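See structure below.
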Amino acid sequence: MATRPKDELDSGNQFGRTLTLNLVDAVGSAIVRGEFEGRPFPTEADLSKEHGISRSVTREAIKMITAKGLLGARPKIGTFVQPEESWNLFDIDVLRWLMEQKLSGALLRQFNELRYTVEPQAAAYAARRATPAQVTAILSGLTRMREAAEGNGDPLSADIDFHVAVLRASGNPFLSQFRDIVTTALRTSIRITNRQAGGKACIDDHAAVYNAIAAGKPEAASDAMAKLIGDVLDYIDRSPARD
């Protein structure tokens with residue numbers, strides 16, 4: 001029986017896909033860290049040799065990283081790192097690499113400014129459109145936050161679930177898909193920004209959002225969410241620079 005080429009073995013099964021995704025993560029995070037600044041991006045052959053994987057796996061990983069806006073290619077120049085303004089910040093991998101590798105006060109503010117633009121309106125829509133099951137899901141997140149404050153559960157997971165439930169309750173599929181961005185970024189930023197009020201005060205702010213949505217009061221829901229995120233922005237501005 002003929003032996004299948006290593007490239008075919010790598011790229012044609014789940015093992016090959018795992019190798020590809022691992023390389024995407026390693027190279028993508030290295031780009032965000034600035035490891036390739038001031039020097040040419042490695043060739044496909046060099047990356048294959050460095051990571052001990054096949055050319056086909058490397059080629060597929062480079063395609064995926066290019067699709068995220070981190071790499072470009074030109075004739076006679078080859079593959080190069082794109083400027084940061086070309087990166088797809090709505091790609092959850094890119095956002096995760098940024099939050100993990102380059103977290104700063106400026107980045108936290110920018111992300112929460114985006115939340116301030118989106119989430120108050122989502123809360124207003126939720127107050128108009130949420131189904132009973134969706135209101136219950138928001139309450140579940142709030143209840144878990146209260147339990148976590150007493151030492152029973154994960155406060156980060158509960159906080160994320162609360163905000164995701166509000167986005168889903170908006171009834172707008174575009175806003176609902178913002179949940180992936182919120183989830184990815186909040187896993188890093190909440191650990192810092194939740195210090196701004198802490199404990200009961202932070203939970204009370206979330207409760208105000210829930211109460212307005214449950215009562216069907218769009219303006220109050222929007223105002224409550226804006227206050228919640230606005231307090232985070234104020235905290236970031238008061239905190240020592242992290243850049």
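The values are calculated or read from the model by the stated rules, or taken from the named source; none is laboratory data. Everything numeric in this text was worked out from a predicted model, so none of it was measured. Ideal geometry is used to build each Cβ from the backbone, glycine not excepted, and the neighbour counts take in all protein chains shown. Calculation scope for accessible area: heavy atoms of the full protein, side chains included, ligands and nucleic acids excluded. Shrake-Rupley method; radii C 1.70, N 1.55, O 1.52, S 1.80 Å.
Suppose we filter region 169-191 for residues that are open to solvent by 10 Å² or more (accessible area, probe 1.4 Å), hydrophobic (A, V, I, L, M, F, W, C) and either more than 21 Å from Leu139 (Cβ to Cβ) or in a loop (DSSP other than H, G, I, E, B) (or both); how many remain?
Qualifying residue count, region 169-191: 3.
Residue by residue, here is whether (1) among the small types (Gly, Ala, Ser); (2) under 30 Å from Asn112 (Cβ atoms); (3) at pLDDT 95 or above; (4) outside any loop (DSSP other than H, G, I, E, B) holds:
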site: Glu50; (1), (2), (3), (4): no, no, no, yes
site: Ser56; (1), (2), (3), (4): yes, no, no, yes
site: Ile62; (1), (2), (3), (4): no, no, yes, yes
site: Lys76; (1), (2), (3), (4): no, no, no, no
site: Phe90; (1), (2), (3), (4): no, yes, no, no
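Are there any pairs, at least 6 apart or on different chains, whose C-beta atoms fall under 9 Å, with the first in region 154-172 and under 16 Å from Ala208 (Cα atoms) and without any contact (Cβ under 8 Å) to a residue 12 or more places away in the chain and the second open to solvent by less than 10 Å² (accessible area, probe 1.4 Å) and not in a helix (DSSP H, G or I), and if so, which?
none
Of the residues Glu147, Glu113, which single one is in a helix (DSSP H, G or I) and without any contact (Cβ under 8 Å) to a residue 40 or more places away in the chain?
Selected residue: Glu147, the only one of Glu147, Glu113 that is in a helix (DSSP H, G or I) and without any contact (Cβ under 8 Å) to a residue 40 or more places away in the chain.
Tell me, yes or no, whether region 47-67 has at least one residue that is open to solvent by 80 Å² or more (accessible area, probe 1.4 Å) and in contact with an Asp or Glu (Cβ under 7 Å, 6 or more places away or on another chain).
yes
Against the condition modelled with pLDDT of 95 or more and either of a type outside the set (S, T, N, Q) or closer than 21 Å to Gly230 by Cβ (or both), how does Val182 come out, does it pass?
No, not satisfied.
Tell me which residues, restricted to region 103-130, are more than 20 Å from Tyr235 (Cβ to Cβ) and open to solvent by 10 Å² or more (accessible area, probe 1.4 Å).
Gln121, Tyr125, Ala127, Arg128, Arg129, Ala130 - these are the residues of region 103-130 that are more than 20 Å from Tyr235 (Cβ to Cβ) and open to solvent by 10 Å² or more (accessible area, probe 1.4 Å).
Output the residues belonging to region 213-231 that are surrounded by fewer than 21 Cβ atoms within 10 Å (Cβ to Cβ) and at pLDDT 95 or above.
Ala214, Ala215, Gly216, Lys217, Pro218, Glu219, Ala220, Asp223, Ala226, Lys227
In region 131-143, is there at least one residue being assigned to a helix (DSSP H, G or I) and open to solvent by 80 Å² or more (accessible area, probe 1.4 Å)?
Looking for residues that are assigned to a helix (DSSP H, G or I) and open to solvent by 80 Å² or more (accessible area, probe 1.4 Å), one finds at least one in region 131-143, hence yes.
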